[in-house]
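Read through the structure below, which is laid out as structure tokens, and then see the notes.
The values are calculated or read from the model by the stated rules, or taken from the named source; none is laboratory data. Predicted, not measured: the structure shown is a model, and the values here were computed from it. As a convention, Cβ positions derive from the backbone with ideal geometry for all residues, glycine included, and neighbour counts pool all protein chains shown.
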Amino acid sequence: MSAINGLSSLRQLDQTQAASAKSIQKITSGSQYPSASDGASAYSILVRMYSNIDASAQYNSNTQTANAMLSTAAGGVSSTVDALSSLQQQLMGAANGTNSQSDIAAIGKNVNQTIAAVNDNASVKFNGQSLLDGSQQVTVAGEHGYTNTRLGDMTAQGLGLTDKNGKSVIDLSSQKGIASALDTVNKALDKALNESTNIGAAQQNLSSASANYTTQQTSLTAAASTMGDTDLASEVTKLKSSQTQNALALYAAKLNMHSRSSVLALLQ
């Protein structure tokens, strides 16, 4: 009988220690299902949910990085639009034929300054990558695949203000040349404005996508929390109960061992 009681005490000790270990695991992990042994189906669902949360977070990060890149490009294009708009107004004034030679010379100087500014604006970089020289495409990896935004060539040559050698094509030596120069600047301004519009539209789409990813993350996180988070108060109560039972089982096991030792001593 003593041997049976001893085995029963040891079995109960194993059970209470296992229950204590499980409660501690749930408390420290914060999850009701820290492993598949706690509920294979629920554990599998939670793993997929947290995987989707991580994916949404990465998509959101990709989107925000791309938007930051486009914001940098937009700043460069906006500066070019301002410079060309100012030059356009001066050329429109010169086209009426009332400007003196010194006025025309001043406008010519401004033409050169504007071309230099346009090239400076087109040299903007993001993380070491040139954005407005016609070579850049912004690619975003998202939930539904890849989204691409091609950035245009906003250099003076790309806008038709200079030839392939970088020489200005704007001639202010005659009224005909001024009229042609105004047409050239108008076309350059239209191209820059179109680029600004395209970038703005892409940024709007990215901002909307980022908001959707944020909402998705929040919803999934709340659902995963409701399903899988440990009820700390309940689990602490279980742990204390297991620890009490463990102490009792340990005491019972010690009593049985002491009893067996006494019997063996009498038999010797």
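A compact table of results
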{"read-out": "Odd one out for residue 138, checked against (1) part of a strand (DSSP E or B); (2) over 19 Å from residue 192 (Cα atoms)", "value": "(2)"}
{"read-out": "Cβ-Cβ under 8 Å pairs, at least 6 apart or on other chains, region 97-122 side in the same structural domain as residue 86 (by TED's automatic domain parsing) and touching a residue at least 60 places away in the same chain (Cβ under 8 Å), far side surrounded by fewer than 16 Cβ atoms within 10 Å (Cβ to Cβ) and among the polar types (S, T, N, Q)", "value": "97/175"}
{"read-out": "Matching residues in region 76-102 - criterion: being surrounded by fewer than 13 Cβ atoms within 10 Å (Cβ to Cβ) and outside any helix (DSSP H, G or I)", "value": "96, 97, 98, 100"}
{"read-out": "All positions within region 84-104 that are under 18 Å from residue 169 (Cβ atoms) and at pLDDT below 95", "value": "87, 88, 90, 91, 94, 95, 104"}
{"read-out": "Answer from 137, 129, 113 - the residue that is surrounded by fewer than 14 Cβ atoms within 10 Å (Cβ to Cβ) and under 17 Å from residue 81 (Cβ atoms)", "value": "113"}
{"read-out": "Of all residues in region 165-179 being within 47 Å of the chain's Cα centre (by Cα) and free of Cβ contacts under 8 Å to residues at least 12 places away in the same chain, the one that is nearest to residue 99 (Cα to Cα)", "value": "167"}
{"read-out": "Any chance residue 156 is in contact (Cβ under 8 Å) with a residue 12 or more places away in the chain, assigned to a loop (DSSP other than H, G, I, E, B), among the small types (Gly, Ala, Ser) and surrounded by 14 or more Cβ atoms within 10 Å (Cβ to Cβ)", "value": "yes"}
